[in-house]
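The values are calculated or read from the model by the stated rules, or taken from the named source; none is laboratory data. Keep in mind it's a predicted model, so treat the numbers as computed, not measured. We place every Cβ from the backbone using ideal geometry, glycine too, and count neighbours over all the protein chains shown.
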Amino acid sequence: MSSPEEQAFRLLTEYANGFMVSQVLFAACELGVFDLLAEAPEPLGAVAVAARLGTSSHGTELLLDTCVSLKLLQAETRRGKALYQNTELSSTYLVRASPKYQGNMLQYLAKTTYLCWGHLAQAVRDGKNRYPEAFGVPSDELFTAIYRSEGERLQFMRALEDVWSISGRHVLAAFDLSLFPLICDVGGDFFKDPLPEADLYILARVLHDWTDTRCSQLLARVHRACKPGGGVLVIESLLDADGRGPRTTQLFSLNMLVQTEGRERTPAQYLALLAPAGFQDVQCRRTGGIYDAILARR
Ligand code: ASE
């Protein structure tokens, strides 16, 4: 048994090196390790993987063995030689052909979000991100942190779809939506474009990108478009009432600080946005998953 002090140091080391774990995952995806092993008829050695990927055999072996420790790959030793194959986790989520593939999100996190997190301390100092200065994009843009180009916008949309393919059903099962025959999933330029008439408006991962002022404007627009008896379904990751958890949601809220002008919110904070916009009967349902649901009626 290690002393509390040693345990604390172990925890500190784990946190300090946490970014390395993310990078191993990102690199293995980017290089196509999981796709190659999925397509191979049998487990492959490091030299064979390196030859097929066009990578160094030394680097590849290190990467593969680290993936084994992380349970992203499994290895068996045959006649003194390690042979690698995918685990359940990597077959399900990291192979491009899988219906539950999460690689677009990982690529987005690696190529965009990760860079923004390098400016976390500055974002905390300022209370807002310095994305325009840091990345050399026009600072008059309100919402540049999510995509710097059309290609990045498409990547972001593919990334959100990856997560939706896992979380969507749980969130949509949180409430009986059969009362709402015509449903509008709000996206695009919703501050400017007219909203179509509908019984229910879904705002999924939208409000967390915006300031309270912008959220109020958007909710007022939705309220005006909404039929009497209709409603709005907000899909977001809910913070605990005291803001001290869940940890993933706290990290998402910091993510909104470094990438957007928004934040994650508590149920009371969503109520404080919905009620002044004219919505009633606000109900919050936690799903136990990443995203929760809030239903309010006009
Ligand atoms: C956004 C979602 C994301 C804006 C920036 C983002 C994600 C990463 N960066 O609306 C996806 C998952 N993370 C969160 C916080 O939902």
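Quick one: would you say Ala28 is surrounded by 16 or more Cβ atoms within 10 Å (Cβ to Cβ), within 19 Å of Tyr93 (Cα to Cα) and touching a strand residue (DSSP E or B) at 6+ places or on another chain (Cβ under 9 Å)? The answer is yes for Ala28. Pairs linking a residue in the range 16-45 that is at pLDDT 95 or above to a residue that is of a type in the set (Val, Ile, Thr) and part of a helix (DSSP H, G or I), with Cβ atoms under 7 Å and 6 or more positions apart or on different chains, are Val24/Thr66; Val33/Val49; Leu36/Val49. Filter the range 262-286 down to residues that are surrounded by fewer than 18 Cβ atoms within 10 Å (Cβ to Cβ) and either within 15 Å of the ligand (Cβ to nearest atom) or assigned to a loop (DSSP other than H, G, I, E, B) (or both), then give me how many there are. Selection size over the range 262-286: 5. Among the numbered conditions (1) more than 16 Å from the ligand (Cβ to nearest atom); (2) surrounded by fewer than 17 Cβ atoms within 10 Å (Cβ to Cβ); (3) more than 30 Å from Ala121 (Cβ to Cβ), the only one that Leu200 does not meet is (2). Given the criteria touching a Leu at 6+ places or on another chain (Cβ under 9 Å), under 26 Å from Cys116 (Cα atoms) and of a type outside the set (D, E, K, R), does Leu63 qualify? Yes: the conditions hold for Leu63. Could you say whether any residue in the range 288-297 is surrounded by 14 or more Cβ atoms within 10 Å (Cβ to Cβ) and among the basic types (Lys, Arg)? Yes, some residue in the range 288-297 is surrounded by 14 or more Cβ atoms within 10 Å (Cβ to Cβ) and among the basic types (Lys, Arg). Set side by side, the residues Gly136, Gly118 differ, and just one is more than 15 Å from the ligand (Cβ to nearest atom) and loosely packed, with under 15 Cβ neighbours inside 10 Å, which is Gly136.
The single condition from (1) under 19 Å from the mean Cα position of the chain (by Cα); (2) surrounded by fewer than 17 Cβ atoms within 10 Å (Cβ to Cβ) that Gln217 fails is (1). Of all residues in the range 195-205, those satisfying the criterion of being touching a helix residue (DSSP H, G or I) at 6+ places or on another chain (Cβ under 8 Å), closer than 17 Å to His223 by Cβ and assigned to a loop (DSSP other than H, G, I, E, B) are Leu195, Pro196, Glu197, Ala198. Within the range 224-239, being over 19 Å from Pro181 (Cβ atoms) and more than 16 Å from the ligand (Cβ to nearest atom) holds for one residue alone: Arg224.
Condition check ((1) assigned to a helix (DSSP H, G or I); (2) over 19 Å from the mean Cα position of the chain (by Cα); (3) among the aliphatic types (A, V, I, L, M)) across all residues:
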site: Glu152; (1), (2), (3): yes, no, no
site: Phe156; (1), (2), (3): yes, no, no
site: Ala159; (1), (2), (3): yes, no, yes
site: Gly168; (1), (2), (3): yes, no, no
site: Val171; (1), (2), (3): yes, no, yes
site: Ala174; (1), (2), (3): no, yes, yes
site: Ser178; (1), (2), (3): no, yes, no
site: Phe191; (1), (2), (3): no, yes, no
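The set of residues in the range 34-57 being closer than 19 Å to Gly103 by Cα and touching a helix residue (DSSP H, G or I) at 6+ places or on another chain (Cβ under 7 Å) consists of Phe34, Leu36, Ala38, Leu53.
For every residue, the table says whether it meets (1) polar (S, T, N, Q); (2) part of a helix (DSSP H, G or I); (3) touching a Gly at 6+ places or on another chain (Cβ under 7 Å); (4) closer than 20 Å to Gly103 by Cα.
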| position | (1), (2), (3), (4) |
| --- | --- |
| Val21 | no, yes, no, yes |
| Cys29 | no, yes, yes, yes |
| Gly59 | no, yes, no, no |
| Leu63 | no, yes, no, yes |
| Ser90 | yes, yes, no, yes |
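Taken as a whole, the structure places Gly103 among residues that are touching a Cys at 6+ places or on another chain (Cβ under 7 Å) and either of a type in the set (Gly, Ala, Ser) or assigned by TED's automatic domain parsing to the domain that holds Met157 (or both). Among residues of the range 172-189 that are exposed (fewer than 13 other Cβ atoms within 10 Å of the Cβ), those with a Cβ under 6 angstrom from a residue that is among the hydrophobic types (A, V, I, L, M, F, W, C), sequence gap 6+ or separate chain, pair up as Leu182/Ala198. In the range 65-88, the qualifying residues are those that are assigned to a strand (DSSP E or B) and within 29 Å of Ala159 (Cα to Cα), and the one that is farthest from the chain's Cα centre (by Cα) is Tyr84.
With respect to being within 16 Å of the ligand (Cβ to nearest atom), within 30 Å of Leu233 (Cβ to Cβ) and loosely packed, with under 15 Cβ neighbours inside 10 Å, Glu150 falls outside the description.
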